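Structure, as structure tokens:
Rule-based calculations on the coordinates, nothing more; no lab input. Computed from a prediction, not measured in an experiment: that's the story for all the values here. Counting neighbours? That spans all protein chains shown, and the Cβs are built from the backbone with ideal geometry, glycine included.
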Amino acid sequence: MPRTKIDLPYHIDFLSILDAEGNLDETLEPDIPEEILLRIHATMLLGRRFDERLLNLQRQGRIGTFPPITGQEASHVGAVAVLRDSDWMVPSFRETAAEIWRGRKLESVIIANNGFRCPKTAATCRCRFRSAPRCFTRSASGSGSGIEKKTTSL
């Protein structure tokens, strides 16, 4: 599974640590602590199960439009797992698993898919999860659902 050259007018290296049958090339295995790998796996699994539940709710007409993420969990969680707490994440509409990794509460996903909107803007957003344009954090008042949605203008 070494690097192979792809014949293109420009140069791109292709690197895979797994072969076509899913066998690991141990010389290329990244040094990731087991606790992080387990958290990544748990987040991908939670994202998949939650996605299945919300898709069922959407099909029943109990929530609004819902973009499923099935099959995309690894790319989303893998991309955000390396971010620092101070880094911002700008999710698309199909990145629920990445937002779960960053600390988004599951109930806020349901609330957002039911049309909840907050008048906060980038200037007033103090979201500790640094997720734009949709920032989610606990309400300072502790009332209601405990979720405030903070939107930014990009």
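In table form, for the structure just shown:
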{"read-out": "Gain upon complete extension [V82, L55; 0.36 nm per residue less C-alpha separation]", "value": "6.9 nm"}
{"read-out": "Length gained when the stretch E35-S92 is fully extended (0.36 nm per residue, less Cα-Cα span)", "value": "17.8 nm"}
{"read-out": "Stretchable slack from R62 to D7, in nm (0.36 nm times residue separation minus alpha-carbon distance)", "value": "14.8 nm"}
{"read-out": "Sequence of F93, F50 once ranked by neighbouring C-beta atoms within 10 Å, starting from the fewest", "value": "F93, F50"}
{"read-out": "Ratio of Rg to Rh over the range 1-110 (Cα coordinates, Kirkwood Rh, two decimals)", "value": "1.06"}
